[in-house]
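Asks: Below you'll find the structure I mean.
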Amino acid sequence: MKVGKVNVDEQPKLAEKFQIMSIPTLLVFENGKVVNQSVGLVPKEQVEALIG
């Protein structure tokens with residue numbers, strides 16, 4: 001697993017590409033495609049379930 005962090009203020013085109021309207025937003029990719037996402041603050045257990 002790789003984890004990355006993007007500052008949407010510094011990368012507005014990337015935020016637009018993935019339609020990020022709120023932060024925090026977590027996108028889970030598999031084979032280069034978004035397979036799951038979460039918007040807003042979520043508990044650790046929910047993040048674990050997203051990447052499960």
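The values are calculated or read from the model by the stated rules, or taken from the named source; none is laboratory data. Note that this is a predicted model, so its numbers are computed, not measured. With ideal geometry, Cβ positions are generated from the backbone for all residues, glycine too; neighbour counts draw on all protein chains shown. Side chains are part of the model used for accessible areas, which takes the heavy atoms of the whole protein and leaves out ligands, DNA and RNA. Shrake-Rupley method; radii C 1.70, N 1.55, O 1.52, S 1.80 Å.
Asks: Quick one: which of V42, V3, V8 is free of Cβ contacts under 8 Å to residues at least 24 places away in the same chain and in contact with a helix residue (DSSP H, G or I) (Cβ under 6 Å, 6 or more places away or on another chain)? Steps first, answer last, please.
Replies: Details: V42 fails: in contact with a helix residue (DSSP H, G or I) (Cβ under 6 Å, 6 or more places away or on another chain); V3 fails: in contact with a helix residue (DSSP H, G or I) (Cβ under 6 Å, 6 or more places away or on another chain).
Answer to the check: V8.
Asks: On the phi < 0 side of the Ramachandran plot, of a type outside the set (K, R), surrounded by 12 or more Cβ atoms within 10 Å (Cβ to Cβ) and in contact with a strand residue (DSSP E or B) (Cβ under 8 Å, 6 or more places away or on another chain), is that true of L14? Give the steps one after another, and end with the answer.
Replies: On the way: on the phi < 0 side of the Ramachandran plot: yes; of a type outside the set (K, R): yes; surrounded by 12 or more Cβ atoms within 10 Å (Cβ to Cβ): yes; in contact with a strand residue (DSSP E or B) (Cβ under 8 Å, 6 or more places away or on another chain): no.
For L14, the condition - on the phi < 0 side of the Ramachandran plot, of a type outside the set (K, R), surrounded by 12 or more Cβ atoms within 10 Å (Cβ to Cβ) and in contact with a strand residue (DSSP E or B) (Cβ under 8 Å, 6 or more places away or on another chain) - is not met.
Asks: Also: When you look at L50, is it over 10 Å from the mean Cα position of the chain (by Cα), surrounded by 12 or more Cβ atoms within 10 Å (Cβ to Cβ) and at negative phi, yes or no? If you could, list the steps in order and put the result at the bottom.
Replies: Values: over 10 Å from the mean Cα position of the chain (by Cα): yes; surrounded by 12 or more Cβ atoms within 10 Å (Cβ to Cβ): yes; at negative phi: yes.
Judged against the criteria, L50 is a match.
Asks: Give me the residue from the range 17-36 that is part of a loop (DSSP other than H, G, I, E, B) and of a type outside the set (F, W, Y) and, out of that set, most open to solvent (accessible area, probe 1.4 Å).
Replies: If we filter the range 17-36 for residues that are part of a loop (DSSP other than H, G, I, E, B), which is where we start, we get 18-24, 31-32.
Right, trim to of a type outside the set (F, W, Y) and you get 19-24, 31-32.
Working: Q19: 146, I20: 45, M21: 170, S22: 56, I23: 122, P24: 71, N31: 147, G32: 69 Å².
Among those residues, the one meeting the criterion is M21.
Asks: Pull up the range 37-47, narrow it to residues that are within 22 Å of Q19 (Cβ to Cβ) and open to solvent by 80 Å² or more (accessible area, probe 1.4 Å), then point me to the one that is nearest to the chain's Cα centre (by Cα). Show your work before the answer.
Replies: Let us first name the residues in the range 37-47 that are within 22 Å of Q19 (Cβ to Cβ), namely 37-42, 46-47.
Of the ones still in play, those that are also open to solvent by 80 Å² or more (accessible area, probe 1.4 Å) are 37, 39, 41, 46.
Working: Q37: 6, V39: 8, L41: 12, Q46: 13 Å.
By that ranking, first place goes to Q37.
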